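Structure record follows, encoded as structure tokens.
The values are calculated or read from the model by the stated rules, or taken from the named source; none is laboratory data. Owing to the predicted nature of the structure, the values given are computational and were not obtained by experimental measurement. Ideal geometry is used to build each Cβ from the backbone, glycine not excepted, and the neighbour counts take in all protein chains shown. Side chains included, ligands, DNA and RNA excluded: accessible areas come from the protein's heavy atoms. Shrake-Rupley method; radii C 1.70, N 1.55, O 1.52, S 1.80 Å.
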Amino acid sequence: MRLFLMTALAAGSTLATVMIAGQALAVQDTPVAINGVETVCTGVGSAKDDPRWSAYPVKIVLATMGGANLANAHVSLAKGGKEVAGMDCDAPWILFKAPAGSYTATASLIGGSGQSHSANFTTSGSGAQKEITITFQRPSNATPPVGQ
């Protein structure tokens, strides 16, 4: 019985990438497909150096205006005004393997500050990684930026 419970808990945590209408609760450093767009929430510790991440053509970076990494946001990716992927991420990088096109990335801080910012960009869907930084004023009730 104990083994069953441990196995069930492990499976449950693996399935913590819950998808609801194009939304996902991200498990850090675990790629997931949302509406056909592969994405991963990462950028903390040694995992940020994983060579797999360079294969993602789009890298959204969440940061304070001072340049410190910031985490704990809902990030959505929209094309033509329609959301194609969305996730809650507790790390400063959100990587996307999105098809070629023009997109809007919107990040909204989780935790009551109400701050939300967007950035428009285009991607060829392959080639060198394009980095888009979305900056925020550090809210007074926020946890310290990642790495500080």
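Would you check if VAL27 is in contact (Cβ under 8 Å) with a residue 40 or more places away in the chain and surrounded by 15 or more Cβ atoms within 10 Å (Cβ to Cβ)?
Spelling it out, it is not the case that VAL27 is in contact (Cβ under 8 Å) with a residue 40 or more places away in the chain and surrounded by 15 or more Cβ atoms within 10 Å (Cβ to Cβ).
Please go through the stretch 45-69 and pick out each residue that is aliphatic (A, V, I, L, M) and open to solvent by 50 Å² or more (accessible area, probe 1.4 Å).
Matches in the stretch 45-69: ALA55, MET65.
Filtering the stretch 121-148 down to residues that are outside any strand (DSSP E or B) and surrounded by 15 or more Cβ atoms within 10 Å (Cβ to Cβ), which residue is modelled with the highest pLDDT?
Among them, the one singled out is ARG138.
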